Amino acid sequence: SMGIYTSRVVNEIGVQGTPSHYLKDLEVLVALLKKDFPSLDLSIFTSKVFPEAKKAISEKKKESKLRMGVEDLKKHISSLNVTEQVTKDVVAWLGCNKVFTFIAAVQPGLEAKHFGQTQDGNWRVASVPPGSRLSVYDTLVDVLEGGKNHPVKGLSAKDLTALMQKKGADRLPQLRVYRKTASKRQMYEALRLPPPSIKMTLWDMDLCLLKVHTGGHTNLKLQPLSKEVTEAYCYLMDIMIEKKLTTGVVTFSDKKVAKAIESQYGGEDLVRPLIFHALRRHWMQLDRTLQLQDAINKARSFVENDLYVKGAYPEWRNRNDEEFKKKPMPNSKEWHMAQVAKEFEAKTKQKVKPEEMILFDDGERNIREAERQGVVGVWVNEETGFTVQDWEEAMNEAW
């Protein structure tokens, strides 16, 4: 249960790095502790830790100064009588923001040859089998099998392989993995990418890749609005562009509707500039040596030449567009996906079947109808927009 609790803490605490976010992390931690361990005395946080952190922030102390309190925090958590592993995991996360543990299923064929043993006896991931959650940033902690934890430090390659391949009544064992990355970019690089069977990954716009709802059209300035594009989308798009993977946007935002109501932006005229500004800003933040014009050229080339976009509002098109009066557009993303598939085929001479697509969308009906066709569909919570958890769910299903 402590392992599960550690995962909950790690998943629910943020990964931001400013003092104010550090304080928020502490508050989330205490809320979790209160919920899971109601008998614990947490007064030390309200009487000492929070006031000191707020004082440090108000005095505009540097982040490094505020983080000097991590050892004190470790003492506070240790005094709460939870396990040493929870203490280490939580402190590592708060102190470094780039360390966490997770549980991964053992895949058939996973052996010691996929790991390398360090001088101190630890097993680190050396090569990653296709579809595995593991990455080269991971160290194996233990193997969970038969209701027991089996530490792997110091094991021989033969014993490690035997332990990982020891199948219980219904499944292979699981691995507890410790991951440490040097940057947020590496955190995203460690995620799985779609398998070769997937030819196209698509996102909805409003409340999906964009955290707000535009109503499908807007007169707002697009550069400030582009800041609402989710972090997960920007990082994953950066990696997918680098790997030359095909992506697109299918949305009910419609430039014909925008024109009819005299709104400046809608449909493709809204989607492409939003993603252009988001990626241009993202790349300049990642690489401070990147020249503005180079970032502009890179982002413009992608959104104009490699991003597939189809925007149409079915209800409006079926009432006002002659093309759809005889054969109405489905009130889902079926037509939109068919259109980007046709564009992809025209450009690459390759056909795309529904089962070769992934769709992220906050509309439950859109996902339901897409899955009915064979698409890998993942519903996105409109309160958060697209997240890493949505991506992991899609990869689990796709692989």
Completion exercise
From the option list V141, V152, V125, single residue qualifying as open to solvent by 40 Å² or more (accessible area, probe 1.4 Å) and either among the basic types (K, R) or within 30 Å of Y188 (Cβ to Cβ) (or both) is V141
Exercise for the section: Can you confirm whether the range 377-393 contains a residue that is touching a residue at least 24 places away in the same chain (Cβ under 8 Å), under 12 Å from I198 (Cβ atoms) and not basic (K, R)? Expected result: no
Exercise for the section: Enumerate the strands (runs of 3 or more DSSP E) found wholly within the range 156-275, keeping only those where 1 or more residues are charged (D, E, K, R) and open to solvent by 40 Å² or more (accessible area, probe 1.4 Å). Expected result: 174-180
Practice task
Report yes if G363 is at positive phi, open to solvent by 10 Å² or more (accessible area, probe 1.4 Å), of a type outside the set (F, W, Y) and in contact (Cβ under 8 Å) with a residue 12 or more places away in the chain, otherwise no.
Solution key: no
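For the range 116-136, what are the residues that are of a type in the set (A, V, I, L, M, F, W, C) and either in a loop (DSSP other than H, G, I, E, B) or over 30 Å from E397 (Cβ atoms) (or both)?
Of the residues in the range 116-136, the ones of a type in the set (A, V, I, L, M, F, W, C) are 123, 125-126, 128, 134, 136.
Once the filter is applied, which keeps residues that are of a type in the set (A, V, I, L, M, F, W, C) and either in a loop (DSSP other than H, G, I, E, B) or over 30 Å from E397 (Cβ atoms) (or both), the range 116-136 yields A126, V128, L134, V136.
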Exercise for the section: Would you confirm whether any residue within the range 141-149 is hydrophobic (A, V, I, L, M, F, W, C) and closer than 17 Å to G121 by Cα? Expected result: yes
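From the residues in the range 287-325 that are under 22 Å from D254 (Cα atoms) and hydroxyl-bearing (S, T, Y), which one is most open to solvent (accessible area, probe 1.4 Å)?
Just the residues of the range 287-325 that are under 22 Å from D254 (Cα atoms), to begin with: 300, 302-325.
So of that shortlist, the ones also hydroxyl-bearing (S, T, Y) come out as 308, 313.
On the way: Y308: 18, Y313: 84 Å².
Taking the candidates together, the pick is Y313.
For the range 369-378, indicate whether the set of residues that are hydrophobic (A, V, I, L, M, F, W, C), under 14 Å from W203 (Cα atoms) and assigned to a loop (DSSP other than H, G, I, E, B) is non-empty. Reasoning before the result, please.
Step one: of the range 369-378, the residues hydrophobic (A, V, I, L, M, F, W, C) are 370, 375-376, 378.
Imposing the further condition that a residue be under 14 Å from W203 (Cα atoms) reduces the set to 370, 375-376, 378.
Filter once more, keeping what is assigned to a loop (DSSP other than H, G, I, E, B): 375.
Within the range 369-378, one or more residues are hydrophobic (A, V, I, L, M, F, W, C), under 14 Å from W203 (Cα atoms) and assigned to a loop (DSSP other than H, G, I, E, B).
The values are calculated or read from the model by the stated rules, or taken from the named source; none is laboratory data. In this text the structure is predicted, and so the values were computed from the model without any measurement. Every residue, glycine as well, gets a Cβ built from its backbone with ideal geometry; the counts of neighbours run over all protein chains shown. Ligands, DNA and RNA are excluded from the accessible area calculation, which covers all protein heavy atoms including side chains. Shrake-Rupley method; radii C 1.70, N 1.55, O 1.52, S 1.80 Å.
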